[in-house]
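Since the structure comes first, as structure tokens, the remarks are kept for the end.
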Amino acid sequence: MAAHGQDYLACILSYLDNSGLKNGLALLGLLWTAKVSLTLAFNIVKGMRIYLLAQVTRRNNFRTKYGGRWAVVTGASEGIGRSFACELAQCGMNVVLMSRSTQKLEKVAETIEKECKVETRIIPIDFATQDVYQKITTSLEGLDIGILVNNVGVMYDYPQYFLDVPKQKLFDLININMTSLIMMTRVVLPQMCKRKRGAIINMSSSAGELPTPQMTVYAATKEFVDSFSRSLAFEYAPQGIEVQSLRPFYVATAMTYGTKANIVVPSPETYVKSALYTLGLSRRNTGYWSHGIQGWFVSFCPEWLWMCTATLLNNQIRRVVLRNRKQ
């Protein structure tokens, strides 16, 4: 039997040699290796340009570049939104702070005015309702807005299967994560088009890169943000408007279930000090170098593996959150 097997293998190799298939397969292997190598090299250069160059140059002439003295930040009372507001203020931008809590907004505004010597305005708004945009339009009249940061968002209380998510939470996910983005853009974009300058930063998430079980609606809303941003960027680039989609992985905020800051999970301050300065260098990125590496690995990840891993992780997060609530 062994001899017959060896003869069979020899016949196959002989056939490959005679037919030229062996050389063809070798060529395909060479081309695939070259493709992977070139892709890796391109991503390394791209990553260095976006994350390293952004930190080296730290271009902060936002007033001049985007033609407005004011930046508007939604979800500005804490986390990433608060950090964006503070960093923009340090760059000399006056800041309009928007969120639900008047008390928290006043505290952020006081800190910014004291430390950065710029003007602030607060607009207490609950983006879960849809009748707030006339108030917002009126409040922003007369302000030359150079930058809009659509940051406000809501997440599941903890990972859940779709039918276990309360109906009100589903409406909140749609109204806060999607409707607010569209309507705030609709409010601010016209004046940017008149000036032929302006920038819009939209906070998406790498949770939408592939389907994410037990975060189904949240992930879908963030993928909407990314798709909307990319289309809008193409539409309004000829008018001098920059639209950027930021797609972070985990950042250590109240929305990430008490995750501690580390090299893989940056604090909001660390994340924003990286992400803000990628504006003008990239229309779509993760905002932080270690997230960029994670994103590169995810791009090679089969969908089934991603979803199995997400399921295991989300099961663990749910157990921890529910256990902590009982204590």
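The values are calculated or read from the model by the stated rules, or taken from the named source; none is laboratory data. Keep in mind that what you see is a predicted model, and the values were worked out from it rather than measured. FYI the Cβ positions are ideal-geometry reconstructions off the backbone, even for glycines, and counts take in every protein chain you see.
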Helices (runs of 4 or more DSSP H) wholly inside the range 22-102 that include at least 1 residues being surrounded by fewer than 13 Cβ atoms within 10 Å (Cβ to Cβ) and modelled with pLDDT of 70 or more: 62-66
Qualifying positions in the range 245-268 - over 20 Å from A310 (Cβ atoms) and in contact with a Ser or Thr (Cβ under 7 Å, 6 or more places away or on another chain): S245, L246, A261, I263, P268
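Pick from the range 292-303 the residues that are within 16 Å of A219 (Cβ to Cβ) and not acidic (D, E): which of them is surrounded by the fewest Cβ atoms within 10 Å (Cβ to Cβ)? Let's see the steps before the verdict.
Filtering the range 292-303 for residues within 16 Å of A219 (Cβ to Cβ) gives 294-295, 298, 301, 303.
Keeping just the survivors that are not acidic (D, E) gives 294-295, 298, 301.
Working: Q294: 18, G295: 19, V298: 15, C301: 13.
By that ranking, first place goes to C301.
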Residue match in the range 177-196 (condition: buried (at least 17 other Cβ atoms within 10 Å of the Cβ), in a loop (DSSP other than H, G, I, E, B) and of a type in the set (K, R)): no
Test: residue in the range 237-254 that is touching a strand residue (DSSP E or B) at 6+ places or on another chain (Cβ under 8 Å), surrounded by fewer than 20 Cβ atoms within 10 Å (Cβ to Cβ) and not hydrophobic (A, V, I, L, M, F, W, C): yes
Matching residues in the range 98-152 - criterion: being within 26 Å of the chain's Cα centre (by Cα), farther than 26 Å from C193 by Cβ and hydrophobic (A, V, I, L, M, F, W, C): L105, V108, A109, I112, I122, A128
Every pair of residues 6+ apart whose Cβ atoms lie under 7 Å, when the first sits in the range 116-131 and is crowded, with 18+ Cβ neighbours inside 10 Å and of a type in the set (F, W, Y) while the second is at pLDDT below 95 and assigned to a loop (DSSP other than H, G, I, E, B): none
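Of the residues V251, V272, V320, only one is assigned to a helix (DSSP H, G or I), under 19 Å from D226 (Cα atoms) and β-branched (V, I, T); which? I'd like the intermediate steps shown before the answer.
Values: V251 fails: assigned to a helix (DSSP H, G or I); V320 fails: under 19 Å from D226 (Cα atoms).
Only one candidate passes the filter, namely V272.
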Members of the range 288-312 found to be farther than 17 Å from P248 by Cα and without any contact (Cβ under 8 Å) to a residue 24 or more places away in the chain, listed by number: F300, P302, W304, L305, C308, T309, L312
